[in-house]
Structure formats: C-alpha cells, structure tokens
Amino acid sequence: MSPRTRASAKAAGTRFERLIADTLAAHVDDRIDRRVKTGAADKGDIAGVRHLGQRVTVECKDTTRAELGAWVGEAETERGNDDGLAGLVIHKRRGHGDGLDQYVTCTVRDLVALLTGERP
C-alpha cells in the first residue's frame, strides 16, 4: 500500500462523502446530497439532512486515525454556521464498504437535541 498523499486523502474523502450522501438519500430523503464547499463558514459535508424540520449538520471523515474530540469540535462549529439542531460526525469503519455500516459520533447534547427537537 502506498502512503497517502494530500491528493489521495482528498479523493478518499470525496468518495466517502459521496457514499454517505447516496446512502442517506436512498434511505432517508432523496434530496440529501454532498454540500458545495463554502470556505471559512463551512456548514458540513452533507446537505439536506433534517430532523423535526430542523437542519442536522453532518461532517464526514475517512482517516486511519480517529480524532473524535477534534472532529466533534469541527462538527459543532459547522452546526453553528448552519444554524442546525445537531452536529454528527460520520466516520469510516475500516473493512466495511456499505454506507449503513459506518460509525456515527456525537455529543450527548446533540443526541438530546435529536431526541427532543430542542438544543439543551
């Protein structure tokens, strides 16, 4: 296996975002798709995810090393930019190519927001 370059990492990230967008579109809402990158005020990687009429911000990660704290912090910043109800990190589960088998990480605050529709 060759070492990952910046270009190969970006390509892997794009493929993973497409996998997750297509999976969510097929199983949740066909309007869900990859989000166009917006620069400094990033609003997450996947657009069109909603719960109880409110936006849910989704950040996708396809890396070999888990950095949950940093990822959750990034998702929270993007949730704020998106004025979303909750921020989720969907990250690659090695050895599992099906989008439905990937991991999802969030804070308990985000879980409560999803369950109740209100951000505590």
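For the reader, a short list of remarks on this structure follows.
- Subset of the stretch 72-120 [assigned to a loop (DSSP other than H, G, I, E, B), under 15 Å from the mean Cα position of the chain (by Cα) and within 30 Å of P3 (Cβ to Cβ)]: K92, R93, Q102
- So V108, is it of a type in the set (V, I, T) and within 14 Å of A21 (Cα to Cα): no
- Contacts under 8 angstrom Cβ, first residue in the stretch 79-100 being more than 19 Å from T38 (Cα to Cα) and open to solvent by less than 60 Å² (accessible area, probe 1.4 Å), partner of a type in the set (V, I, T) and part of a helix (DSSP H, G or I), 6 or more apart: I90/I20; G99/I20; G99/T23
- Only a single criterion out of (1) small (G, A, S); (2) closer than 24 Å to L115 by Cβ; (3) open to solvent by less than 50 Å² (accessible area, probe 1.4 Å); (4) part of a helix (DSSP H, G or I) is not satisfied by A12, namely (2).
- Within the stretch 23-71, the residues that satisfy the criterion of being open to solvent by less than 80 Å² (accessible area, probe 1.4 Å), closer than 30 Å to P3 by Cβ and in a helix (DSSP H, G or I) are T23, G39, L68, G69, A70, W71.
The values are calculated or read from the model by the stated rules, or taken from the named source; none is laboratory data. What you are looking at is a predicted structure, and each value in this text was computed from that prediction instead of being measured. Here the Cβ is made from the backbone with ideal geometry for all residues, glycine too, and neighbour counts use every protein chain on show. Just the protein is used for accessible areas: all its heavy atoms, side chains included, with ligands, DNA and RNA removed. Shrake-Rupley method; radii C 1.70, N 1.55, O 1.52, S 1.80 Å.
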